[in-house]
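Student: The structure that follows is given in the form of structure tokens.
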Amino acid sequence: MTDRVATTSARRGRAIMVAMLTIAIAAIFVVDTVTDYAIAAAVFYVAVILLATRLLRPRSVVILASLCGVLTILSFVLTHSGLYEVGIINTAISIVAIAVTAYLSLKLVAAEAAIHDARERLMRIARVTSLGELTASIAHEVNQPLAAVMTSAGACQRWLAADPPNIEKAERAAERIVAEASRASEVIARVRGLASGKAPMRGRFVLNALVHEIVDLARGQIDRHDILLRLYLPENLPAVFGDRVQIGQVIGNLLLNAIDAVIAEPARGHEIEVIASITKGGQGVTLAVADSGIGFRAGEAERLFDAFWTTKQDGIGLGLTISRAIIEANGGRIWAEENDMNGATLFFTLPIARADTPGETAA
């Protein structure tokens with residue numbers, strides 16, 4: 001329902017803008033026609049074309065630019081005052097300006113589209129890379145329920161083979177099999193969701209639940225490195241608005257960075273804290289991932305989000321850059337600070353979802 005209203009509003013706004021462009025073209029034509037040759041009012045068609053590139057498809061922009069050129073020539077023919085030679089020069093300059101503006105504007109739009117596509121590909125690459133780093137954890141999470149399924153299946157066979165068969169205990173074992181199989185299926189579904197390259201879909205979702213999902217995927221690494229993980233997730237935290245898969249990617253990236261930071265400094269305590277809270281203004285939710293790792297060196301905090309800048313030997317320096325692009329695209333902001341554990345804390349905010357926004361409901 002909300003998407004339909006937004007689409008209708010966007011179409012209405014576009015129709016209004018197109019009508020305004022039409023009025024502007026007509027006004028320029030009239031002014032260019034009634035004034036003498038020395039006044040090159042046709043140059044103002046350039047502004048119309050610049051606006052049109054943001055509203056119309058490339059083919060429509062070409063047609064519009066051609067129309068502006070024809071109207072410029074028609075205005076010259078209909079004008080009968082002033083120096084004729086000056087009119088020819090002004091008309092030629094106006095037509096060249098219209099053509100050059102249309103060409104450069106379309107090139108700019110094409111470049112912006114290419115940049116957008118490249119960013120989407122980088123986001124997918126980063127998402128799959130993060131999943132690659134979580135492979136051991138994912139295998140651990142899937143193996144646990146599969147091992148439980150095998151154990152319960154063996155128990156079920158034994159209870160059924162007993163003389164007489166213990167149907168009640170066999171049923172309980174079967175129920176455990178179903179529950180553990182569902183758990184394994186949920187892990188695989190979460191992985192598929194994080195790895196998907198689907199278009200962003202913003203909606204209402206429960207941040208606490210998403211944090212637990214990402215933590216579950218990273219549980220293998222956390223346990224293997226004997227990391228003390230503390231979660232501070234208030235139960236009354238309101239639902240947030242954003243793309244759930246993309247925000248999951250950001251949380252996963254911040255958690256992996258925190259794990260790398262704490263294991264890089266064996267002499268320090270291996271501690272990570274994930275803290276959710278409502279922002280001071282009450283309009284958003286803040287999530288903080290704090291670690292007891294190596295922290296920042298002088299000047300590093302300002303460069304953390306720069307593309308291709310990294311403190312890791314095998315890093316490519318895109319994780320936090322893409323995380324910032326995701327958070328800002330979802331109406332929030334992201335930053336880093338030092339913490340009391342002599343490590344680093346990464347914060348990001350998200351807007352609180354309206355009550356009528358479709359999606360998950362906060363518990």
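The values are calculated or read from the model by the stated rules, or taken from the named source; none is laboratory data. Everything numeric in this text was worked out from a predicted model, so none of it was measured. Methodologically, a virtual Cβ is constructed for each residue, glycine included, from the backbone with ideal geometry; neighbour enumeration extends over all protein chains shown. Just so you know, the surface numbers come from the protein's heavy atoms only, side chains and all, with ligands and any DNA or RNA stripped out. Shrake-Rupley method; radii C 1.70, N 1.55, O 1.52, S 1.80 Å.
Student: Tell me whether the stretch 180-201 contains one or more residues that are of a type outside the set (V, I, T), modelled with pLDDT of 65 or more and within 25 Å of D356 (Cβ to Cβ).
Tutor: yes
Student: Within the stretch 200-215, track down each residue that is open to solvent by less than 60 Å² (accessible area, probe 1.4 Å) and out of contact with any Gly (no Cβ under 6 Å at 6 or more places or on another chain).
Tutor: Correct list: V206, L207, N208, A209, V211, E213, V215.
Student: For residues in the stretch 222-248 being assigned to a helix (DSSP H, G or I) and open to solvent by 20 Å² or more (accessible area, probe 1.4 Å), which is modelled with the lowest pLDDT?
Tutor: V245
Student: If I filter the stretch 36-50 down to residues being open to solvent by less than 10 Å² (accessible area, probe 1.4 Å) and in contact (Cβ under 8 Å) with a residue 40 or more places away in the chain, which single residue comes out as farthest from L78 (Cα to Cα)?
Tutor: Per the stated criteria, the residue is I49.
Student: While we're on this one: In the list I275, I294, which residue meets the criterion of being out of contact with any Ser or Thr (no Cβ under 6 Å at 6 or more places or on another chain), within 15 Å of A336 (Cβ to Cβ), open to solvent by 20 Å² or more (accessible area, probe 1.4 Å) and not in a strand (DSSP E or B)?
Tutor: I294
Student: A further question on this structure: Quickly run through the stretch 53-63 and pick out the residues that are touching a residue at least 40 places away in the same chain (Cβ under 8 Å) and either assigned to a helix (DSSP H, G or I) or open to solvent by less than 20 Å² (accessible area, probe 1.4 Å) (or both).
Tutor: Of everything in the stretch 53-63, those that are touching a residue at least 40 places away in the same chain (Cβ under 8 Å) and either assigned to a helix (DSSP H, G or I) or open to solvent by less than 20 Å² (accessible area, probe 1.4 Å) (or both) turn out to be T53, P58, V61, V62.
Student: Still on this structure, I have one more. Among the residues of the stretch 12-34, is there at least one that is among the basic types (K, R) and either crowded, with 19+ Cβ neighbours inside 10 Å or modelled with pLDDT under 85 (or both)?
Tutor: yes
Student: Starting from the stretch 200-223, keep only residues that are under 19 Å from H270 (Cβ atoms), then list their pairs with residues that are among the basic types (K, R) and in a helix (DSSP H, G or I) whose Cβ atoms are within a distance under 7 Å, requiring at least 6 positions of separation or different chains.
Tutor: Sorted first by the residue in the stretch 200-223, then by its partner, the pairs are L217/R190.
Student: Scan the stretch 64-112 for residues that are hydroxyl-bearing (S, T, Y), part of a helix (DSSP H, G or I) and open to solvent by less than 80 Å² (accessible area, probe 1.4 Å) and jot them down.
Tutor: S66, T72, S75, T91, S94, T101, S105
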